[in-house]
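Worksheet: one structure, shown below.
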Amino acid sequence: MKPSILAAIFQFPVNQGDLVQNLNIISQGLKHQEADLIVLPELLTTGYFLNKVQWERFSDLNTWEYSIDFFTELAKVCSSHLCVTLPKMIHQKLYNIGYLINEDGIVGAQAKIHITDDERRFFTANPVKRIEAIQTDFGKIGYPVLTFGIQPCCGRLRQREWI
């Protein structure tokens, strides 16, 4: 385990419903980034305010696999772990899932536990009300997918197991 890590945040104005444009922005923004861990915005490929048809399109298996492959390749380029959240349809239910991705692919995942009233129109909350620590080569990390300000206590749920 490394004694310390360098973490970075890449924030950008996500283009609603424009997967290709968002991936281009992310690729350009991260190509020279050097960090052990890079955190990106929630629902970074799609934006947040879509209709049901758009959510279904962006959460299908082909789009999900394309996005995971894209971020795996980007993690190789950056020599980093990436924190990304993507919509995914599982058994006809839409989840907002956070993934920790490195050059080998998905290291761990955490579906959003606490969803807002607005999110309930489309998303299903993770039925497992627990944030699991994800083991990495630099130690354990917790990945709560949440809306800051609405669920500020979530970070304390598993703090003893996190870096």
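SER59 passes every criterion in (1) under 19 Å from ASP18 (Cβ atoms); (2) of a type outside the set (Val, Ile, Thr); (3) free of Cβ contacts under 8 Å to residues at least 60 places away in the same chain; (4) surrounded by fewer than 21 Cβ atoms within 10 Å (Cβ to Cβ) apart from (4). For segment 123-136, the criterion of being within 20 Å of LEU6 (Cα to Cα) and among the aromatic types (Phe, Trp, Tyr) is satisfied by no residue at all. In segment 134-163, which residues are of a type in the set (Phe, Trp, Tyr) and at pLDDT below 80? Result: TYR143, PHE148, TRP162. Among residues of segment 6-27 that are free of Cβ contacts under 8 Å to residues at least 60 places away in the same chain, those with a Cβ under 8 angstrom from a residue that is charged (D, E, K, R) and surrounded by 17 or more Cβ atoms within 10 Å (Cβ to Cβ), sequence gap 6+ or separate chain, pair up as LEU6/ASP36; ALA7/ASP36. Apart from one condition, LYS93 fits all of (1) out of contact with any Ser or Thr (no Cβ under 6 Å at 6 or more places or on another chain); (2) under 19 Å from PHE122 (Cβ atoms); (3) surrounded by fewer than 22 Cβ atoms within 10 Å (Cβ to Cβ); the exception is (1). All of (1) touching a helix residue (DSSP H, G or I) at 6+ places or on another chain (Cβ under 8 Å); (2) modelled with pLDDT of 90 or more; (3) not acidic (Asp, Glu) hold for THR85 with one exception: (1).
All conditions in (1) touching a strand residue (DSSP E or B) at 6+ places or on another chain (Cβ under 7 Å); (2) surrounded by fewer than 18 Cβ atoms within 10 Å (Cβ to Cβ); (3) in a loop (DSSP other than H, G, I, E, B); (4) not charged (D, E, K, R) hold for ILE68, with the sole exception of (3).
Restricting ILE101, ILE131 to residues that are assigned to a strand (DSSP E or B) and either modelled with pLDDT of 90 or more or more than 27 Å from ARG57 (Cβ to Cβ) (or both) narrows the list to ILE101. Note on segment 1-48: among residues that are farther than 17 Å from GLU103 by Cβ and among the acidic types (Asp, Glu), the one that is surrounded by the fewest Cβ atoms within 10 Å (Cβ to Cβ) is ASP18.
On the stretch given as segment 24-54, residues that are part of a helix (DSSP H, G or I) and either more than 13 Å from PHE123 (Cβ to Cβ) or at pLDDT 90 or above (or both) total 9. Within segment 77-87, the set of residues being surrounded by 13 or more Cβ atoms within 10 Å (Cβ to Cβ), farther than 19 Å from ASP18 by Cβ and not β-branched (Val, Ile, Thr) comprises CYS78, SER80, HIS81, LEU82, CYS83.
The values are calculated or read from the model by the stated rules, or taken from the named source; none is laboratory data. Quick caveat, the model's predicted, so the values are computed rather than measured. Every residue, glycine as well, gets a Cβ built from its backbone with ideal geometry; the counts of neighbours run over all protein chains shown.
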